Structures are given as C-alpha cells and as structure tokens.
1. Here are Gly159, Gly178: which of them is within 9 Å of the ligand (Cβ to nearest atom) and farther than 24 Å from Leu266 by Cα?
2. Scan segment 306-341 for residues that are under 24 Å from Met210 (Cα atoms), in contact (Cβ under 8 Å) with a residue 60 or more places away in the chain and not β-branched (Val, Ile, Thr) and report the count.
3. Would you be able to tell me the number of residues in segment 70-88 that are among the small types (Gly, Ala, Ser) and buried (at least 22 other Cβ atoms within 10 Å of the Cβ)?
4. What about Ile196, is it aliphatic (A, V, I, L, M) and either over 29 Å from Leu315 (Cα atoms) or part of a loop (DSSP other than H, G, I, E, B) (or both)?
5. Out of all the residues in segment 89-101, is one or more open to solvent by less than 20 Å² (accessible area, probe 1.4 Å) and within 30 Å of Met148 (Cβ to Cβ)?
6. Quick check on my filter: what residues within segment 181-191 are more than 8 Å from the ligand (Cβ to nearest atom) and surrounded by 14 or more Cβ atoms within 10 Å (Cβ to Cβ)?
7. Pick from Thr123, Thr150: which is within 30 Å of Leu248 (Cα to Cα), touching a Gly at 6+ places or on another chain (Cβ under 6 Å) and within 12 Å of the ligand (Cβ to nearest atom)?
8. Does segment 227-245 contain at least one residue that is closer than 20 Å to Leu315 by Cβ, more than 16 Å from the chain's Cα centre (by Cα) and away from the ligand (no atom under 16 Å from the Cβ)?
Amino acid sequence: MTVFPLPPGSTIGILGGGQLGRMLALAAGRLGFDVAVLDPQANGPASRVSAFEVVGAYDDPAALAELARLADVVTFEFENVPAAAVEHLTALGVPVAPGARALAVAQDRVEEKTFLNGAGAPTVAFAAADDAEAAREAVTALGAPALMKTRREGYDGKGQKWVEHASEAADAFKAVGGRPVILEAPADFVRELSVIAARGRDGEIAVYPMAENHHEKGVLRRSFAPAEVGKDTAAQAERIAAQILSSLDYVGVIGIELFELKGGRLLVNEIAPRVHNTGHWTMDGCEVDQFEQHIRAVAGWPLGPTHAHSRVEMLNLLGKEADAWAKLAGEPETRVHLYGKRDAKPGRKMGHVNRLRPL
Ligand code: AMP
C-alpha cells in the first residue's frame, strides 16, 4: 500500500509520454523520484528522460499491470485516458491522481459544464444533442448563432462548427462527425485568460497568477503572465478554482480556461485535469513551476509557492520554428525548452520559449 508523503526514491507512473509527461518527469527527477511512462509508442519525449518505459495501449491489461508493478502512484498527462485504465490501476492497488471523477468530467463537455455550474463556476448557456433533429431544436432553444462541439475528444478547436441558423444544424451535426454534441451560446469575450491551480492530498489549495492567452488556428500561440487583471478578476478566478478543486476532491494541478467578458465577469470555457500549456510560463516565472507542483501534490508533499518573480511571455515553437534554437538560446532574456521530438510536422508543438522581464 502506498503511504503518503511518498519518499524520494519512489516511482511515479505517468500515462502518456508526450511533452507534458517529459516536463513532469524532469520535475519528478529533481525531487529524487524515478518515473515510469506508459505510452503506446516507444522512445517518446517523456520516456527518454525516465527510468522505466512501458510500451502498450492505455487499455492493455498487461501494460497496466507492468505500470502498477513499477509505480507507487500514477498520474496522467492528458485527459483522454480511458476511464477503464484508471479503474484497472485502482483495482491493482495503485492510487491514481487526479481521480476518476475529474477525468470523467473533463472528457465530456456536457458533463463538464453541468458539473461547473453545479460547483458555482459560471459557463455559457448550453444544450446537449445526440442527433441532427435534437441539434436543430437545441439551436432554436439557445438562439443562433451557436457553437457546436463534439461532446468528447475535441481539442485545439477540432470538431467544432458555428451554426448561424437552426436550419444549418443538421449539416453541422454531420460535419463534426455525426456524434453527440454540445451547443454553446457565444461567449462575448474581450480576452481569453487561464488560471493554473493545485490541490494537495491534505486539501491545501495553491493558485498561480492568471495568464492571458492568444490562439492561432485554434492552437495556443502565446501566453502573457501574470496577466494584467484587476483585483476583482483575480479574486473571481481564485474562487472559481477553489470551488472546482474542492468539489472534485482533486489532487494535482488543473488548468482552467476562462473567458473575460466586458465588465470583468469570468466564464469557464473548459478545464484540463492536468498540467497545461498556458502554465508553461511558471517554469521560469515562479519558484515552483506547475510540473513540480503537480508532482508535489500527487506525492502528498507540501505545495510550493505560486507567486511570480518575473513577467513572462511564453511562445510555443511550432514545427520548424524550433530549428531556430541556436538564435533563441543566444537571447539573454529567453529560456529555451525543447521536447526532444524528432519529426517537426507543421503545427506540431516542438518546444516553447519563456521570455523574461522584471515584474
Ligand atoms: P475549446 O476547444 O472549447 O477550448 O475552444 C477553442 C476556442 O474556441 C476557444 O479558445 C475560444 O477562442 C473559442 N470558443 C470556444 N467556445 C466558445 C464560445 N462558447 N463562444 C465563443 N468562442 C468560443
């Protein structure tokens, strides 16, 4: 049985071996832990910096058993881990954090918004639809335009379509794949912000300053942090984060994407039950970054401080942009983070830089 706090020398299992897993593994290593990575592909960004690698599908019982044998606690780097994998690991006696409830809520946009509203975290108005006719009725009820998104497995703006009129709903339903959808009222936002927060095993909560985020073609391009926000806005974000974390009995770091409306009111767009791209600035702007914070929480350690010591502009390096590593490394204010990916496909997240300025 795992006893917390987990001592150094213990092994932390990570489901998913991409860049988030890699940065988690590097942080875990700094605290004296070993890491075991389970990923369907061998030799990925995370496993190349980890002590143990398990190659297999996330729902492969043999791979999960191997991970359970190696790891004292398991976490994940992406939210589309099958719920059955978490149940399987739990049945094998390995604690998984964040838990199954957080995963279930984050995997389904209707569950997510229903949960958020119940937890006192406001969102846009929404309606669920399982077929084309129900989608038309939902748009009529909400009012057009409405944004149609697949309930499950959408990310970076994929599986989404604006419906300008109820009569277009059936075509849009087909275009996003004929799968169950959510229809959302438009958020008339002035900015997109996010907040990264953590909850420890003892219920302690720590919230980082907010980031202001800019997307291009649905993909995060830049974050500026700490975002210039009023005291009221920061207090709203802290309250929202605390309500979400407590309601889920959450352990670990969470990313909460927010819309800021004119007048400063915040709506939650979505939550990610994991470390988040809009929190990469903390690697160089804070004493304890989101990756170490997540490892601390999962391992039952005390949480670290979250205040910023520098102002940071985080820029994602997409595709061939990472080839400029030598020039970037020559800029004194720039910290370079590369993910060790071999194939620089267009638009693929290959790394990021944090450009620092005094607060
Ligand atoms: P998502 O995949 O839910 O994060 O959405 C991707 C992007 O679409 C967001 O970052 C927003 O720019 C935009 N978006 C999502 N939902 C809405 C909405 N209800 N109203 C307006 N814009 C939205």
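The values are calculated or read from the model by the stated rules, or taken from the named source; none is laboratory data. This structure is a prediction, so every number in the text was calculated from the model and none was measured. Cβ coordinates were reconstructed from backbone atoms using ideal geometry, including for glycine residues, and neighbour counts include every protein chain displayed. Remember, those area values only see protein heavy atoms, side chains included, never the ligands or the DNA or RNA. Shrake-Rupley method; radii C 1.70, N 1.55, O 1.52, S 1.80 Å.
1. On the way: Gly178 fails: within 9 Å of the ligand (Cβ to nearest atom).
The conditions single out Gly159.
2. Residues that pass the stated criteria total 9.
3. Of the residues in segment 70-88, the ones among the small types (Gly, Ala, Ser) are 71, 83-85.
This time we only want the ones that are buried (at least 22 other Cβ atoms within 10 Å of the Cβ), so: 71, 85.
Matching residues across segment 70-88 total 2.
4. Working: aliphatic (A, V, I, L, M): yes; either over 29 Å from Leu315 (Cα atoms) or part of a loop (DSSP other than H, G, I, E, B) (or both): no.
Answer is no for this residue.
5. The initial filter retains those residues of segment 89-101 that are open to solvent by less than 20 Å² (accessible area, probe 1.4 Å), namely 89, 94, 97-98.
Among the residues that remain, those that are also within 30 Å of Met148 (Cβ to Cβ) are: 98.
Checked against the condition, which is being open to solvent by less than 20 Å² (accessible area, probe 1.4 Å) and within 30 Å of Met148 (Cβ to Cβ), segment 89-101 yields at least one hit.
6. Within segment 181-191, Val181, Ile182, Leu183, Arg191 qualify.
7. Thr150
8. Of the residues in segment 227-245, the ones closer than 20 Å to Leu315 by Cβ are 227-228.
Narrowing the set further to residues that are more than 16 Å from the chain's Cα centre (by Cα) leaves 227-228.
From what is left, the residues that are away from the ligand (no atom under 16 Å from the Cβ) are 228.
Yes, that holds for at least one residue.
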